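**Student:** This is the structure I want to talk about, given as structure tokens.
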Amino acid sequence: MPSLSKGLAMVAVAAALAGCQFPGFQPPQQTATLPPPTVPKPPPEERGIWIVGSPSMRGAVGTAASRFNSTPDTQPRLVAEGTNSGFRSFCAGVGLEHPDMVVSDRRIGAEEQKRCRAKGITMMEYELGPKQFIYVKDAHMMTIPGVRDFTDSWGVKGKPVRGA
């Protein structure tokens, strides 16, 4: 019997310790930043207005694109691989090798704004409806053919995104 009571005592101690947490113990925090995703770049002859972001925004972007009198050089093209992925690629830089716009079903977050600012990106926010946001790089409005005309065609005033 002594070995049975010793075994039960060990099980009771193990069960008690399993439910305990160590005071002051903090789980490790993730500190690494994610690199921009590899969003497929359209060929130069098919670039048009390059939009990335949420698949749930296909309808809104499609409607806006169908109303826009575009040419092959200014045709809006959506690469819908997700909101987070869209913001990462949008905030990776300015120029032809980076998207012009990101569509989202939420407002841009503070960390995403910091990432954009670190790359020198300033942007405008357009709210097309409830949970329908489009962010456009200021630099691309001036340099990429059709971007300004496309944003004007929405009939919605944009507002500058101020830092977080």
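The values are calculated or read from the model by the stated rules, or taken from the named source; none is laboratory data. Nothing here was measured: the structure is a model prediction, and the numbers come from that model. With ligands, DNA and RNA removed, areas are computed over all heavy atoms of the protein, side chains included. Shrake-Rupley method; radii C 1.70, N 1.55, O 1.52, S 1.80 Å.
**Student:** Largest first, please: the extent of the C-alpha atoms of region 83-132 along each principal axis, to the nearest Å.
**Tutor:** Here the spans come out as 29, 22, 19 Å, largest first.
**Student:** May I ask you to give the percent of accessible area on region 43-131 that is carbon plus sulfur, with a probe radius of 1.4 Å?
**Tutor:** After summing per-atom areas, the C and S share lands at 52 percent.
**Student:** While we're looking at this one, here's another question. Got a sec to turn the phi values of region 144-158 into Karplus ³J(HN,Hα) couplings, 6.51 cos²θ - 1.76 cosθ + 1.60 with θ = phi - 60°, whole Hz, x for Gly and Pro?
**Tutor:** Calculated HN-Hα couplings, in order: 8, x, x, 4, 4, 4, 5, 5, 5, 5, 6, x, 10, 7, x Hz.
**Student:** Hey, can you find the accessible area per residue of region 58-137 for me, probe 1.4 Å, expressed in square angstrom?
**Tutor:** Here the per-residue accessible area is 47 Å².
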